[in-house]
Amino acid sequence: MDIGIILGVFIGWPILALVPAAVFAVLYLGCRRLSVLLAALAWLAYFPYERAMKLRILCSGECNIRIDLLLFYPLLAFVSVVAVVAYFKAKRGAGRA
(Lines give C-alpha, C1' and ligand atoms only; values in the text may rest on other atoms or scores of the structure.)
Protein backbone atom coordinates (compact mmCIF):
# COMPACT_ATOMS: atom_id res chain seq x y z
CA MET A 1 0.00 0.00 0.00
CA ASP A 2 1.24 3.46 -0.89
CA ILE A 3 2.15 5.65 2.12
CA GLY A 4 0.88 8.70 0.22
CA ILE A 5 -2.60 7.21 0.07
CA ILE A 6 -2.55 6.51 3.79
CA LEU A 7 -1.38 10.00 4.67
CA GLY A 8 -3.76 11.50 2.12
CA VAL A 9 -6.61 10.45 4.38
CA PHE A 10 -5.68 13.37 6.64
CA ILE A 11 -6.40 15.81 3.81
CA GLY A 12 -9.99 14.62 3.50
CA TRP A 13 -10.54 14.16 7.22
CA PRO A 14 -8.16 16.39 9.20
CA ILE A 15 -9.73 15.31 12.50
CA LEU A 16 -8.05 11.93 12.03
CA ALA A 17 -4.72 13.64 12.81
CA LEU A 18 -5.90 13.69 16.41
CA VAL A 19 -5.68 9.88 16.50
CA PRO A 20 -1.86 9.69 16.26
CA ALA A 21 -1.67 12.77 18.51
CA ALA A 22 -3.67 10.91 21.17
CA VAL A 23 -1.69 7.70 20.71
CA PHE A 24 1.62 9.50 21.16
CA ALA A 25 0.23 11.39 24.17
CA VAL A 26 -0.70 8.09 25.82
CA LEU A 27 2.70 6.62 24.95
CA TYR A 28 4.34 9.69 26.45
CA LEU A 29 2.54 9.08 29.72
CA GLY A 30 4.04 5.61 29.73
CA CYS A 31 7.66 6.55 29.05
CA ARG A 32 8.15 10.32 29.55
CA ARG A 33 10.44 10.66 26.51
CA LEU A 34 10.69 14.09 24.92
CA SER A 35 10.65 12.69 21.39
CA VAL A 36 7.31 10.99 22.07
CA LEU A 37 5.86 14.24 23.42
CA LEU A 38 7.16 16.08 20.35
CA ALA A 39 5.45 13.57 18.08
CA ALA A 40 2.17 14.11 19.92
CA LEU A 41 2.55 17.87 19.63
CA ALA A 42 3.53 17.69 15.95
CA TRP A 43 0.38 15.72 15.10
CA LEU A 44 -1.68 18.02 17.30
CA ALA A 45 -0.29 21.07 15.47
CA TYR A 46 -0.91 19.45 12.09
CA PHE A 47 -4.65 19.13 12.80
CA PRO A 48 -5.58 22.86 12.83
CA TYR A 49 -3.24 23.50 9.91
CA GLU A 50 -4.84 20.83 7.75
CA ARG A 51 -8.32 21.89 8.90
CA ALA A 52 -7.58 25.48 7.86
CA MET A 53 -6.39 24.22 4.48
CA LYS A 54 -9.60 22.22 4.04
CA LEU A 55 -11.68 25.28 4.92
CA ARG A 56 -9.63 27.32 2.40
CA ILE A 57 -8.44 29.70 5.11
CA LEU A 58 -4.74 29.19 4.38
CA CYS A 59 -4.97 28.93 0.63
CA SER A 60 -6.39 31.10 -2.10
CA GLY A 61 -8.89 28.49 -3.27
CA GLU A 62 -6.51 26.56 -5.53
CA CYS A 63 -5.17 24.01 -3.07
CA ASN A 64 -4.92 21.07 -5.44
CA ILE A 65 -1.12 21.07 -5.54
CA ARG A 66 0.04 20.71 -1.95
CA ILE A 67 3.77 21.35 -2.06
CA ASP A 68 3.67 21.90 1.70
CA LEU A 69 2.98 18.20 2.18
CA LEU A 70 6.39 17.40 0.69
CA LEU A 71 7.75 18.86 3.92
CA PHE A 72 5.04 17.97 6.44
CA TYR A 73 4.48 14.29 5.63
CA PRO A 74 8.15 13.27 5.78
CA LEU A 75 8.58 15.36 8.93
CA LEU A 76 5.56 13.78 10.63
CA ALA A 77 6.72 10.32 9.54
CA PHE A 78 10.26 10.91 10.82
CA VAL A 79 9.11 12.31 14.17
CA SER A 80 6.66 9.42 14.54
CA VAL A 81 9.29 6.75 13.81
CA VAL A 82 11.75 8.36 16.23
CA ALA A 83 9.02 8.48 18.89
CA VAL A 84 8.09 4.83 18.43
CA VAL A 85 11.74 3.77 18.64
CA ALA A 86 12.26 5.91 21.76
CA TYR A 87 9.17 4.44 23.38
CA PHE A 88 10.25 0.85 22.80
CA LYS A 89 13.80 1.60 23.92
CA ALA A 90 12.44 3.11 27.13
CA LYS A 91 10.17 0.13 27.72
CA ARG A 92 12.96 -2.33 26.97
CA GLY A 93 15.29 -0.46 29.34
CA ALA A 94 12.62 -0.40 32.06
CA GLY A 95 12.08 -4.13 31.63
CA ARG A 96 15.76 -4.86 32.26
CA ALA A 97 15.93 -2.77 35.41
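Has the range 74-87 got any residue that is out of contact with any Pro (no Cβ under 7 Å at 6 or more places or on another chain) and of a type in the set (S, T, N, Q)?
Of the residues in the range 74-87, the ones out of contact with any Pro (no Cβ under 7 Å at 6 or more places or on another chain) are 74-79, 81-87.
So of that shortlist, the ones also of a type in the set (S, T, N, Q) come out as none.
No - not one qualifying residue is present in the range 74-87.
Counting only residues that are farther than 23 Å from I11 by Cα and hydroxyl-bearing (S, T, Y), which one in the range 21-61 is most open to solvent (accessible area, probe 1.4 Å)?
Taking the candidates together, the pick is Y28.
Give all pairs with beta carbons closer than 9 Å in which a residue from the range 41-52 that is more than 18 Å from V79 (Cα to Cα) and in a helix (DSSP H, G or I) meets a residue that is of a type in the set (A, V, I, L, M) and open to solvent by 50 Å² or more (accessible area, probe 1.4 Å); count only pairs at least 6 apart in sequence or on separate chains.
R51/I15; R51/I57; A52/L58
Looking for whichever is among the basic types (K, R), touching a residue at least 40 places away in the same chain (Cβ under 8 Å) and over 25 Å from G93 (Cβ atoms) here; the options are R66, R56. Which one fits? Can you show your working first?
Working: R56 fails: touching a residue at least 40 places away in the same chain (Cβ under 8 Å).
R66 is the lone residue from the list that is among the basic types (K, R), touching a residue at least 40 places away in the same chain (Cβ under 8 Å) and over 25 Å from G93 (Cβ atoms).
The values are calculated or read from the model by the stated rules, or taken from the named source; none is laboratory data. Predicted, not measured: the structure shown is a model, and the values here were computed from it. Positions of Cβ are generated from backbone atoms using ideal geometry, with glycine treated the same way; all protein chains shown enter the neighbour counts. Surface accessibility is based on the protein's heavy atoms, side chains included, excluding ligands, DNA and RNA. Shrake-Rupley method; radii C 1.70, N 1.55, O 1.52, S 1.80 Å.
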